[in-house]
Amino acid sequence: MKVLGKILPQRQLEQDIEDELAFHIEARTCRNEAGGMTPATARDEALRRFGDVEGIRESCREIGMERLRAQRRAELMDQIKRDIGYAIRTMLRRPGFAATAAFILALGIGGTTAIFSVVDGILLRPLALHQPERLVVLWGIETGLRSGSSAASYPDFVDIEESNTVFEEMAFWSSPTMAVTGPEGEPINVEGSRISHDLFPTLGVAPAIGRGFLPEEDREGAEPVLILGHGFWTSRFGRDMGVLGSTVAVDGVQRTVVGIMPPGFDMLFGKQIWIPGTPTHATDSRGQHRIIALGRLKPGVSIEAAEAEMRAIAARLETEYPEFNTNRSARLEPLHETVIGDVRPALLVLLGAVGVVLLIVCANVANLMLARGMTRGKEVAVRTALGASRPRLVRQFLTESAVLAVIGGALGVGIAFLGIDLLLATIPGDIPRIAEVAVDGRVLGFALLTTIVTGLLFGLIPALHGSKLDLHTALKEGSRTTSQGSSRTRVRQTLVVAEMALAVMLVAGAGLFVNSFLRLQRVDPGFNSERVLVVPISLPGSRYSADEWPKVIGFYDQLMERVASLPGVESVSAAYRHPLDGGWETSFQLLGVYERPQGERPEARIRPVTTEYFRTVGIPLIEGRSFTDRDDEHVPNVVIINQAFARAFFPDESPVGHILERWAWWPFQTGQFEIVGVVGDVKMDGVASTTPWAMYYPHRQMPFSEMQLLVRTAGDPIALAGAVRAEVWTLDSDLPLENIRSLEQIRADSVAPERFQTLLLGLFATLAIILAATGIYGVLSYAVAQRTGEIGIRISMGAETADVLRLVVGQGLRLTLAGVAVGLVGAFLSTRMISSLLFDVSPSDPLTFGAVAGTLVLVALAACTIPALRASQVDPVHALRAE
């Protein structure tokens, strides 16, 4: 039909279709009447011959509408191309403005993208496992005197596995450090895991090369086998396929390599090798909690329902085995939460902080766009006079903002790449899943979304204001009101107040973290970390078994004697853990003081140490005596407790002389230990933690094969590391010696997460201050430029320099104080969310808030200085002539 060959507006299209159909039907009706038919018969025959009129009408409408839409799309694309070209030409005419705005946007978008990549890699990205949302970890809960979560015992795991109705599969693992020796390289300690044979199937993974463990391989007497992590296979064996089927010495036991895990799996769990679960698990006591239980929920089972069943089973076990399970319950945790640990709050704070910076960036660029828009009044007036509608102008301004945002976003992605490299170089090494952090499609998609949202945020207000003007006033030649209006001035001032308020909130949060970190640094850890070398040593059970405890004692005695003779060594000792390593706990009771049946007894940290330990690390002896070489297997057992222990159980008397009772782990022990001394408290779980109860035992009476050599030196302890390593290898050349550090470095590393977070927040806060000061400066500079005539009149009428300075600075100060007031209220409300991350600092600390307010006011006053001085130097004659 002819109408389909034309492109018409929608209403005209509808009318032409109806007219065209009516014409053809009428023409056919007339021909029928001319052939002798009655009018009614002629019309019916015309309609019959014509066919489905409604169908033809609908087909014409669809074809016409499709062409109409195509035309509109083509016109829109053509307009967008012209708008983009015009935007680029406009920016090229003002390259300084474009470069400044793009750089500010790049900082905001790049910083946000970099932090998001970390949050995404650690928190948001699902675990690379089969249906990871159904995987949960089963923790025991101590509900007695010392409550908290703990691992499970093997007998409890078996009971739960057999009686539960909520798990599709269950498995377990434990995570000891293992020594790898052999001709492939220097002996090393690796993060390993002892697992049940069904752990990998429960997780939904399988070795990329070789096979997994067989059911019979985690039983007594099975052939020792081993699975390598992909990273360890690469670094230790150079991706040699020949390692499959060969043997590797792990803790002195030759194990056959049967599989190699896929890339990334070892990064996910931080493990390098896997071996079958220890055969002795089958004979473990219910009191030995050393495995982590994992379950895959059945389809449709919620974690709440499963946890309720676990608590019911725990209550039954508590009744059946009161000696071991009294005051023990259970809780479930998604595996993802177990893997990431407690890093979520800190990362979300950083993401929130960089989000605030991005909002400040948007406000700042919006202010720049408004200032630039105020100089384009005549351009907009001419376009309006030529027929441009307000929506058309808004689209033009938004296109310019979008082009600017795209440029800033592209630069921001480059900054994000650099930022991620810097983050990965400075982020604490124990952050989980850090190897999964990268700029990938998800992160680039976030950057694109951020760019779009940012473009809208900073572009919408200038677009709306730039497209609204008084045409008559704008076209007046020489009128200053062309580029300035009271409403736009109020908007710019409001944006500055918003910038200042957001800056106050961010700087207040950063100030609290700085205050918290400084207080953390000043905490007395209870020991002297200066000039102490820490050398971890683990004697393999295959050559230093528990039955050969004299051999273990002899090794450490010889080693300490040899190291003590080295030049520069002041004292040397050994301990199961260094002072800031929490270690593990064991239950006890105090005869005649605090006696409870097994299962209701409290627990305290256990520390086997040698005689010079307290002197070497500087822990003071408060009461009684220290250990001596005579405290061995031939004399009654002794123990030293810390002050926290003494305060809890002996508040009104001396603990010295009382008897502490606990399990006897060695054949020569009786299970009873006389308290012979009290030493100072040590922050074993980090300087921000509370002091746990601690029990120190002489190493000769409680010989552990895994110890840490502590050497106090006269100079730099690291300089002595090579000599100490040589002495160890003289006694046993197959012992891996890694992670040798100074105790000072260990103490610094213990607050590394807090230092990292404080550093980043400080950088964001500094950027926020600079941007806020820039906003104040820009508003005042423009105000001075617009009020040059007024200032000239004031000066000509006798106004002094101080009066002009007061006028300009007063305007800036009013904006600053308004922003600071709003920001302090916002900070007071928002910092409640970070209270759990602060140490010894209130989230509304008045000193911090006062310092933040004072700093922002001083910075704002400095930003006001240059415009104020420029205003005071206005030549009234020149100003009046220009006016």
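Considering the conditions (1) under 30 Å from Val751 (Cβ atoms); (2) free of Cβ contacts under 8 Å to residues at least 60 places away in the same chain, Ile619 is excluded by exactly one of them, (2). Note on region 298-307: residues that are in a helix (DSSP H, G or I), open to solvent by 20 Å² or more (accessible area, probe 1.4 Å) and over 28 Å from Pro602 (Cβ atoms) amount to 3. Is region 510-531 home to any residue that is modelled with pLDDT of 90 or more and touching a strand residue (DSSP E or B) at 6+ places or on another chain (Cβ under 7 Å)? Looking for residues that are modelled with pLDDT of 90 or more and touching a strand residue (DSSP E or B) at 6+ places or on another chain (Cβ under 7 Å), one finds at least one in region 510-531, hence yes.
Residue selection: Asp440 satisfies the criterion of being exposed (fewer than 15 other Cβ atoms within 10 Å of the Cβ) and modelled with pLDDT of 70 or more. Figure legend. Inter-residue proximity from region 408-435: first residues open to solvent by 30 Å² or more (accessible area, probe 1.4 Å), second residues part of a helix (DSSP H, G or I), beta-carbon distance below 6 Å, spacing 6+ or different chains. Indicated pairs: Leu411/Ala106; Val413/Ala447; Ile415/Ala106; Ile415/Gly110; Ala435/Met267. Considered as a group, the residues in region 737-768 that are within 26 Å of Pro187 (Cα to Cα) and touching a Ser or Thr at 6+ places or on another chain (Cβ under 7 Å) include one that is most open to solvent (accessible area, probe 1.4 Å), and that residue is Glu744. All of (1) free of Cβ contacts under 8 Å to residues at least 24 places away in the same chain; (2) open to solvent by less than 20 Å² (accessible area, probe 1.4 Å) hold for Leu124 with one exception: (2). Does Glu653 qualify as being free of Cβ contacts under 8 Å to residues at least 40 places away in the same chain and either of a type in the set (Asp, Glu) or within 11 Å of Gln701 (Cβ to Cβ) (or both)? Judged against the criteria, Glu653 is a match. Of everything in region 166-224 that's at pLDDT 85 or above and among the basic types (Lys, Arg), which residue is least open to solvent (accessible area, probe 1.4 Å)? Among those residues, the one meeting the criterion is Arg194. Pairs linking a residue in region 631-650 that is under 13 Å from Arg605 (Cα atoms) to a residue that is surrounded by 18 or more Cβ atoms within 10 Å (Cβ to Cβ) and polar (S, T, N, Q), with Cβ atoms under 6 Å and 6 or more positions apart or on different chains, are Ala644/Thr691. Within region 176-295, which helices (runs of 4 or more DSSP H) (wholly inside it) include 3 or more residues that are touching a residue at least 12 places away in the same chain (Cβ under 8 Å) and touching a helix residue (DSSP H, G or I) at 6+ places or on another chain (Cβ under 8 Å)? In region 176-295, 230-237, 265-269 are the helices (runs of 4 or more DSSP H) which contain 3 or more residues that are touching a residue at least 12 places away in the same chain (Cβ under 8 Å) and touching a helix residue (DSSP H, G or I) at 6+ places or on another chain (Cβ under 8 Å). Looking at region 82-100, can you tell me whether even one residue there is surrounded by 20 or more Cβ atoms within 10 Å (Cβ to Cβ), in contact (Cβ under 8 Å) with a residue 24 or more places away in the chain and within 31 Å of the chain's Cα centre (by Cα)? Looking for residues that are surrounded by 20 or more Cβ atoms within 10 Å (Cβ to Cβ), in contact (Cβ under 8 Å) with a residue 24 or more places away in the chain and within 31 Å of the chain's Cα centre (by Cα), one finds none in region 82-100, hence no. Residue count for region 314-362 under the criterion of being over 13 Å from the mean Cα position of the chain (by Cα), open to solvent by 30 Å² or more (accessible area, probe 1.4 Å) and under 30 Å from Ala405 (Cβ atoms): the result is 2. All of Thr338, Thr319, Thr326 fail the test of being in contact with a strand residue (DSSP E or B) (Cβ under 7 Å, 6 or more places away or on another chain) and of a type in the set (S, T, N, Q), apart from Thr338. Looking only at residues in region 597-607 that are closer than 19 Å to Glu320 by Cβ and among the charged types (D, E, K, R), the one that is modelled with the highest pLDDT is Arg601.
Exactly one residue out of Leu539, Leu566 is open to solvent by less than 40 Å² (accessible area, probe 1.4 Å), at pLDDT 90 or above and more than 27 Å from Ala346 (Cβ to Cβ), and it is Leu566.
The single residue among Phe614, Phe627, Phe673, Phe645 that is part of a loop (DSSP other than H, G, I, E, B), open to solvent by less than 60 Å² (accessible area, probe 1.4 Å) and of a type outside the set (A, V, I, L, M) turns out to be Phe627.
Listed here are the residues, each with its yes/no results for (1) under 23 Å from Arg492 (Cβ atoms); (2) at pLDDT below 85; (3) of a type in the set (Val, Ile, Thr).
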| residue | (1), (2), (3) |
| --- | --- |
| Tyr321 | no, no, no |
| Arg328 | no, yes, no |
| Glu337 | no, no, no |
| Val361 | yes, no, yes |
| Met369 | yes, yes, no |
| Thr375 | yes, yes, yes |
| Glu379 | yes, yes, no |
| Pro428 | no, yes, no |
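One residue alone among Val687, Val656 is part of a loop (DSSP other than H, G, I, E, B) and closer than 23 Å to Gly582 by Cα, and that residue is Val687. The set of residues from region 569-593 being farther than 25 Å from Ile746 by Cα, surrounded by 16 or more Cβ atoms within 10 Å (Cβ to Cβ) and modelled with pLDDT of 90 or more comprises Phe588, Gln589, Leu590.
The values are calculated or read from the model by the stated rules, or taken from the named source; none is laboratory data. Computed from a predicted structure; not experimentally measured. Neighbour counts run over all protein chains shown; Cβ positions are idealised from the backbone, glycine included. Protein only, heavy atoms only, side chains kept; ligands, DNA and RNA dropped before computing areas. Shrake-Rupley method; radii C 1.70, N 1.55, O 1.52, S 1.80 Å.
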